[in-house]
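K.L.:
The structure follows.
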Amino acid sequence: MRRSALVTGASRGIGRAIAAALAREGWPVCVNYLQRRDAAEALVSELRARGHAAMAFQADVADREAVESMVRAASEALGPVELLVNNAGVSQYGLFQDVDDAAWNRVLAVNLTGPRNAIQAVLPHMLDAKRGCVVNISSMWGLRGASCETAYAAAKAGLIGLTRSLALELAPSGIRVNCVAPGCVETDMVRRLGEETRAMLVEETPLGRLGTPEDIAEAVAFLASDRASFITGQVLTADGGFIV
C-alpha cells in the first residue's frame, strides 16, 4: 500500500532525526525545508543510499498555497500523505514589551498557523481513507510558559489545544492526533542561548543532560506506529523530568 510521511522543518535538528527514524520504520519521507536546501538534499541522499524512498521540498509552512503544493508533490511521488509531523518552528527571544508585530506574527504564523495549513492540506485524503496520523511538535514551554519567549510559548500552547481539539473531532474518522513536547534538546535553538544558559538547563533537568534529537524522534516514531493505535489527543512530554 503506497503511503508517505511528511515532516516539516526536517533539514536539521529534531526534524532531521524524525525523518530518519520514520524512514527506518518503512515510511517514504518528504523532507520539508525553508532555507537549507543543501542539508535537506544531503539527508535525502543519505536515506536513498540506505534504500529508503525520500524527497525534499522547499516550502514556508506559513504559506498555505506552498504547503498545498508540497502535499500534492509528495503524494504524487511517494504516495498519499498518511503521516504528518508538524515540526517546523521559529523562536523569538526578548522582553514581551519589545516584541513587535512582525516578530509576533511570524512566530505564530510558523508555529501555529503552519500546522493548521499542513493538517488541512493532508486531511482530504485521510478523511476519505478513514485513517491517518498527525504528530505535532510543541514544547515543554507550551505547557509551563517561558519568560522572555512569550510568543513562542503562546504558539506552542496553542498547538497543544489544536492537538486535543482535532483528536476529538477526527477520531470518528480513524485519524489520530498527538503531540510531543520536547524539553531542552541539543539543537541550534538551544546553542544560541549560550553556554552558561545551556549549563543551567542541564543542571535543572533531573536526568542531568539535555535531550538529543534522536530522543524526540523515537517518541514521534512510537506515536506514529501501530503500537500507539489506541492513543490520541495526548501530549507526550520528553524533557528529562524538567516539568514533573
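The values are calculated or read from the model by the stated rules, or taken from the named source; none is laboratory data. Quick caveat, the model's predicted, so the values are computed rather than measured. Here the Cβ is made from the backbone with ideal geometry for all residues, glycine too, and neighbour counts use every protein chain on show. What goes into the accessible areas is simple: the full protein's heavy atoms, side chains included, and nothing from ligands, DNA or RNA. Shrake-Rupley method; radii C 1.70, N 1.55, O 1.52, S 1.80 Å.
K.L.:
So is Thr197 more than 24 Å from Asp101 (Cα to Cα), touching a residue at least 40 places away in the same chain (Cβ under 8 Å) and not in a strand (DSSP E or B) or not?
P.N.:
Answer is no for this residue.
Matching residues to (1) aromatic (Phe, Trp, Tyr); (2) in contact with a strand residue (DSSP E or B) (Cβ under 8 Å, 6 or more places away or on another chain):
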site: Ile119; (1), (2): no, yes
site: Gly132; (1), (2): no, yes
site: Trp141; (1), (2): yes, no
site: Val180; (1), (2): no, yes
site: Val185; (1), (2): no, yes
site: Val190; (1), (2): no, no
site: Ala199; (1), (2): no, no
site: Leu207; (1), (2): no, no
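K.L.:
Which one of these is among the small types (Gly, Ala, Ser), more than 26 Å from Asp188 (Cα to Cα) and in contact with a helix residue (DSSP H, G or I) (Cβ under 8 Å, 6 or more places away or on another chain): Ala49, Ala5, Ala53?
P.N.:
Checking each option against the conditions leaves just Ala53.
K.L.:
Something else now. Determine whether Ala167 is surrounded by 17 or more Cβ atoms within 10 Å (Cβ to Cβ) and under 22 Å from Arg12 (Cβ atoms).
P.N.:
no
K.L.:
Give the residues of the range 202-244 that are assigned to a helix (DSSP H, G or I) and either without any contact (Cβ under 8 Å) to a residue 24 or more places away in the chain or among the β-branched types (Val, Ile, Thr) (or both), sorted by residue number.
P.N.:
Matches in the range 202-244: Val202, Glu203, Ile216, Val220, Phe222, Asp226, Arg227.
K.L.:
Any idea how many residues of the range 123-140 are assigned to a helix (DSSP H, G or I) and surrounded by 24 or more Cβ atoms within 10 Å (Cβ to Cβ)?
P.N.:
Of the residues in that region, 0 qualify.
K.L.:
Identify, please: which residue in the range 173-193 is out of contact with any Ser or Thr (no Cβ under 8 Å at 6 or more places or on another chain) and open to solvent by 30 Å² or more (accessible area, probe 1.4 Å) and is, among those, nearest to Ala88 (Cα to Cα)?
P.N.:
Asp188
K.L.:
Let me ask something else about it. Please list, ordered by first then second residue, the pairs with beta carbon atoms under 8 Å, 6 or more apart or interchain, first in the range 56-78 and under 15 Å from Arg3 (Cβ atoms), second of a type in the set (Lys, Arg).
P.N.:
Sorted first by the residue in the range 56-78, then by its partner, the pairs are Leu78/Arg2.
K.L.:
Of the conditions (1) of a type outside the set (Ser, Thr, Tyr); (2) open to solvent by less than 30 Å² (accessible area, probe 1.4 Å); (3) under 15 Å from the mean Cα position of the chain (by Cα), Ala146 fails just one. Which one is it?
P.N.:
So Ala146 meets the others, but not (3).
K.L.:
Restricting to the range 157-188, name every residue that is among the basic types (Lys, Arg) and part of a strand (DSSP E or B).
P.N.:
The answer is Arg176, and nothing else.
K.L.:
Would it be correct to say that Ala154 is aliphatic (A, V, I, L, M), part of a helix (DSSP H, G or I) and either in contact with a strand residue (DSSP E or B) (Cβ under 9 Å, 6 or more places away or on another chain) or modelled with pLDDT of 95 or more (or both)?
P.N.:
It is true that Ala154 is aliphatic (A, V, I, L, M), part of a helix (DSSP H, G or I) and either in contact with a strand residue (DSSP E or B) (Cβ under 9 Å, 6 or more places away or on another chain) or modelled with pLDDT of 95 or more (or both).
K.L.:
Given the condition under 20 Å from Val90 (Cβ atoms) and modelled with pLDDT of 95 or more, answer yes or no: does some residue in the range 218-232 qualify?
P.N.:
Looking for residues that are under 20 Å from Val90 (Cβ atoms) and modelled with pLDDT of 95 or more, one finds at least one in the range 218-232, hence yes.
K.L.:
If you don't mind, another one. Does the range 210-223 contain any residue that is of a type in the set (D, E, K, R), buried (at least 17 other Cβ atoms within 10 Å of the Cβ) and in contact with a Cys (Cβ under 6 Å, 6 or more places away or on another chain)?
P.N.:
Checked the range 210-223: no residue is of a type in the set (D, E, K, R), buried (at least 17 other Cβ atoms within 10 Å of the Cβ) and in contact with a Cys (Cβ under 6 Å, 6 or more places away or on another chain).
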